[in-house]
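Heads up, the thing below is written out as structure tokens.
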Amino acid sequence: MFDTEATITIGLRTAQGKADITVRWPSDEEWSAQRKRRKIFQRQLGRGAYEPEIDTAEADAKLYEAIKLNGAPPLTSAEATRIVDAIQRAEVMGVELRAEDAEVELDTMAGKTTHVLRIPTMDQVRLLQKTSRLINLQYNKQQIITNLDAAASLWDKCHASVDGYAGAVPNIHKDAAIRAVISAIEQEATPKNDEANF
């Protein structure tokens with residue numbers, strides 16, 4: 001059962017040796033700030049190929065400093081990233097599209113959770129996509145900035161039911177679930193390579 005009020009202890013091998021690191025779950029505002037600080041780039045390789053570059057070191061170090069508990073030791077940015085990666089896990093295990101809604105199964109640090117969401121309209125999807133920014137930089141690089149709060153807001157509008165949560169659903173899970181539904185409906189609308197279509 002996922003509970004945002006529970007404290008989290010993670011065993012981590014640091015430069016000083018193995019340590020049990022205790023943290024609290026970050027607030028939605030803290031997750032939003034972390035998302036805004038992290039740097040995600042994609043480098044164009046040509047012929048439609050891209051290579052992602054993700055730098056979350058500074059964002060993860062700031063978040064760790066805000067959520068550490070019980071005298072948790074200072075960590076390097078790489079160690080802080082390991083802690084943040086462990087707690088933010090929301091891996092999509094499956095999406096079932098039905099006539100009016102979709103069921104999304106997420107694998108989180110506290111086990112599996114299920115989200116049932118009404119299928120968003122194409123207008124709602126387009127509005128969410130407009131909140132993402134793609135900034136062209138020098139040397140064939142682009143910076144990608146996504147909006148966690150906008151995705152969580154769309155989840156709120158589409159929410160039908162959830163299972164596996166002891167309390168509130170965190171925005172970072174809402175983001176993963178609604179984007180999984182959008183990805184599934186976009187794949188569903190892709191033309192099939194069928195000669196009968198031509």
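The values are calculated or read from the model by the stated rules, or taken from the named source; none is laboratory data. If you're wondering where the values come from, they're calculated on a predicted model, not measured in any experiment. Virtual Cβ from ideal backbone geometry, glycine too; neighbours counted across all protein chains shown.
Does Gln42 qualify as being polar (S, T, N, Q) and within 27 Å of Ala189 (Cα to Cα)?
Yes: the conditions hold for Gln42.
Please work out if Leu106 is in contact with a helix residue (DSSP H, G or I) (Cβ under 7 Å, 6 or more places away or on another chain), modelled with pLDDT of 95 or more, of a type outside the set (Ser, Thr, Tyr) and closer than 26 Å to Lys141 by Cβ. Here the answer is no, as Leu106 does not meet what is asked. Whenever a residue of the range 47-70 is in contact (Cβ under 8 Å) with a residue 40 or more places away in the chain and buried (at least 16 other Cβ atoms within 10 Å of the Cβ), its partners that are part of a strand (DSSP E or B) and of a type in the set (Val, Ile, Thr), lying with C-beta atoms within less than 9 angstrom and at least six residues away or across chains, give the pairs Tyr64/Ile21; Tyr64/Val23; Ile67/Ile8; Ile67/Val23; Lys68/Ile21; Lys68/Thr22; Lys68/Val23. As a summary of the residue check, Leu75 satisfies the conditions (1) surrounded by 18 or more Cβ atoms within 10 Å (Cβ to Cβ); (2) not in a loop (DSSP other than H, G, I, E, B) except for the one numbered (2). For the condition among the β-branched types (Val, Ile, Thr), in contact with a Gly (Cβ under 7 Å, 6 or more places away or on another chain) and closer than 19 Å to Pro170 by Cα, Thr114 qualifies. Within the range 148-164, the set of residues being free of Cβ contacts under 8 Å to residues at least 60 places away in the same chain and either outside any helix (DSSP H, G or I) or touching a Lys or Arg at 6+ places or on another chain (Cβ under 7 Å) (or both) comprises Ala151, Trp155, Cys158, His159, Ala160, Ser161, Val162, Asp163. Does Ala99 meet the test of being small (Gly, Ala, Ser) and either more than 23 Å from Trp31 (Cβ to Cβ) or out of contact with any Asp or Glu (no Cβ under 8 Å at 6 or more places or on another chain) (or both)? Here the answer is yes, as Ala99 does meet what is asked. Taking the listed residues Thr22, Thr4, the one that is of a type in the set (Ser, Thr, Tyr), at pLDDT 90 or above and within 18 Å of the chain's Cα centre (by Cα) is Thr4, with no other qualifying. Cβ separations smaller than 6 Å between residues 6+ apart or across chains give the following pairs from the range 10-21 residues that are free of Cβ contacts under 8 Å to residues at least 12 places away in the same chain to residues that are surrounded by 10 or more Cβ atoms within 10 Å (Cβ to Cβ) and among the hydroxyl-bearing types (Ser, Thr, Tyr): Asp20/Thr9. The residues on offer are Lys157, Lys174, and the sole one that is within 19 Å of Gln88 (Cβ to Cβ), at pLDDT 95 or above and either among the basic types (Lys, Arg) or in contact with a Cys (Cβ under 9 Å, 6 or more places away or on another chain) (or both) is Lys174.
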